[in-house]
Structures are given as structure tokens and as C-alpha cells.
1. Can you tell me which residue in segment 1-51 is modelled with the lowest pLDDT, limited to those that are of a type in the set (S, T, N, Q) and within 17 Å of the chain's Cα centre (by Cα)?
2. When segment 45-74 is examined, which residues are found to be surrounded by 15 or more Cβ atoms within 10 Å (Cβ to Cβ) and part of a loop (DSSP other than H, G, I, E, B)?
3. Taking interchain pairs and intrachain pairs at least six residues apart, which have beta carbon atoms under 7 angstrom, with the first residue in segment 22-38 and loosely packed, with under 10 Cβ neighbours inside 10 Å and the second outside any strand (DSSP E or B) and not polar (S, T, N, Q)?
4. What tally of residues in segment 75-92 results from selecting those that are open to solvent by less than 60 Å² (accessible area, probe 1.4 Å) and within 30 Å of M29 (Cα to Cα)?
5. Residues in segment 1-42 that are under 15 Å from Y63 (Cα atoms) and in a loop (DSSP other than H, G, I, E, B): how many?
6. Please determine, by comparing only the residues of segment 63-121 that are over 22 Å from the mean Cα position of the chain (by Cα) and aliphatic (A, V, I, L, M), which one is nearest to P3 (Cα to Cα).
Amino acid sequence: MIPQISDAELVLMKLLWRQGSSALYAELMEAPDIVARGWQKNTVITLLAGLVTAEKLGRRNRYTAAVTEAEYQAAQTRSLLDKLYQGEARGLVLTLLEQQLLSPEDYDELRTLWDQGKEKL
């Protein structure tokens, strides 16, 4: 099971995912998102605990995300569907359409994917 993570933890995970799911500790600490927040070493290490694996490279640590961004997005989408739409994707799609949260380009892309999926049935 993929754990729910806080907004602060998500900042770090997004940094790792942008780096190909792994980064040296120094690379994380130099990232603008971390510098802007003024996080110190203990904060970053605490936030990473349980979300990454650490590999010792001499005196440095390389942190690797325990889950991929796609895995996390899928788990969070499932959680959202369960919480708000009783597990039914139809309600989410209707909300996106009714609230005009999809651009015309998004809609066209989804229509194409839908049509391709129907052809495979």
C-alpha cells in the first residue's frame, strides 16, 4: 500500500521524481523549492523517512523514491474516487466536464483515447 504523504513530503518527492527518482542529498538541499522554504538537514531527513531508500556513496547519500510518480498518482486518484465518488470514475469525469475543468485540447485527447480503448474491446 502506498502511504498518504503530506504537502511538505510531496515537495521532496516531486524533486526526486524530476531527477529521475533519485538524487544526492546535496542536490536536494540546493533545489530552489528547498532553499525558498529554508528547510534544514533534519527537516529534510525527517520528511524523507519511509518514502525513500538511502544509498551511501562514500560520505554522501543518494536517496531514491520508494514509489514512482505514476504509482503515487494512481493511488491518490483511487483514494479520491473512493472518498468523493464511491469508487465511481463517472462522477469525477462529470465534475470535470460540468465545471469546465478540461480544456478543449484535453477533451479532444480524452476522446481519442476513449475511441482507441473502445476499438480494443
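The values are calculated or read from the model by the stated rules, or taken from the named source; none is laboratory data. Nothing here was measured: the structure is a model prediction, and the numbers come from that model. Note that each Cβ is placed from the backbone with ideal geometry, even for glycine, and that neighbours are counted across all protein chains shown. For accessibility, only protein heavy atoms count, side chains too; no ligands or nucleic acids. Shrake-Rupley method; radii C 1.70, N 1.55, O 1.52, S 1.80 Å.
1. Filtering segment 1-51 for residues that are of a type in the set (S, T, N, Q) and within 17 Å of the chain's Cα centre (by Cα), the one modelled with the lowest pLDDT comes out as Q4.
2. Of everything in segment 45-74, those that are surrounded by 15 or more Cβ atoms within 10 Å (Cβ to Cβ) and part of a loop (DSSP other than H, G, I, E, B) turn out to be L51, A66, V67.
3. none
4. Count: 2.
5. Number of matching residues: 4.
6. L94
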